[in-house]
Every structure is written in C-alpha cells, then in structure tokens.
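What follows is one structure encoded as structure tokens, with my remarks underneath.
Just so it is clear, none of the values below were taken in a lab; they were calculated from the coordinates. This structure is a prediction, so every number in the text was calculated from the model and none was measured. Cβ sites come from the backbone with ideal geometry, for glycine too, and all protein chains shown count toward neighbours.
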C-alpha cells in the first residue's frame, strides 16, 4: 500500500520537480555527512592536543626525574667526601627541580580531587620487616607524601610531600640497625 501511495505521490509532480527534489535530498545528505566529519575531526583534534600535552608533560617529568637523580648522586658525593662543589650542585639542582615541579603543578589540570586525603589529614611513613610482622611508624607525618624512591643500598629514602607547595625530603638511616633488628 505504501508503495502505491508513494508512486501516486511521485507521479503527481513533473520530472523537473522530481529531479530538483532528488538533488535537494543529495545536498542535505552531503551537508549531514560534512557536519559529522567536521565535528568528528574537531573532536580528534582536541584529543590529539591532549595527547601532545600529555607527552610534553611526560618529557618534563622524565627530565625532572633525571635532575632529581643527579641531585641525589651529588648529595651522596657530598655526604661521603664533603665536597663543597657537590653541595653547590645539590642546591642549584634543588632549585631547578622545585621550579620544574611548580611549573608542572601549575599546568596540570585534573578532574580528580587534589591530594589523596582530605585537608588536615597527614600521611604517615611506615616500615614493615621483610620477613613479616607489624608495621611501625617512622615517626614522620606530613601532608601528601608521594613519589617514594629508595637508594639501592637501603640507607636513604627520598620523597615529595606537601599539597600547595611540594618539598623534596631525603631521609637517611631510617631503618633499625642490623643488631637492633636481630634483637626483636
């Protein structure tokens, strides 16, 4: 029935009207396809821009990590030898690392709430013996401790802490001595 009514509707118009209607239909379909393509490419462009920002941030983080590693190495040289030049390099690199972290924090946009804990809640560092047992506190509580890094010898631990202004902390001799550990 619908075919018959469509055929009778179509037969009422002259051939020129039918051709114009077909041409108009093709133009509307082209307009729809171009709009879908435009908005799709625009969305892809935004996603690509986010990717570029993420990769640039990753490069800055890697450079800052390299600088932090060099700073730790110079700190170890200073501790072992008392070399004043190493201490100067530590201080200079510390400023560079702090500035880089501050600029990265200023550029970072996140939908997640800032910090893992609500304001006023402190992060505690705990130690657990490798053979098991109860955790015990290292006696240090601060805002948002993160990015822990251990010296391969086990004598130093470095981490960042703070919410609005991150600080880099390095602890040494934070583990009990071997004799004290054996007495337990």
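Data for the structure
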{"read-out": "Calculated FRET value between residue 134 and residue 170, using beta carbons and R₀ = 25 Å, to 0.05", "value": "0.40"}
{"read-out": "Virtual spin-label span in nm between residue 148 and residue 47, 7 Å along Cα→Cβ", "value": "3.7"}
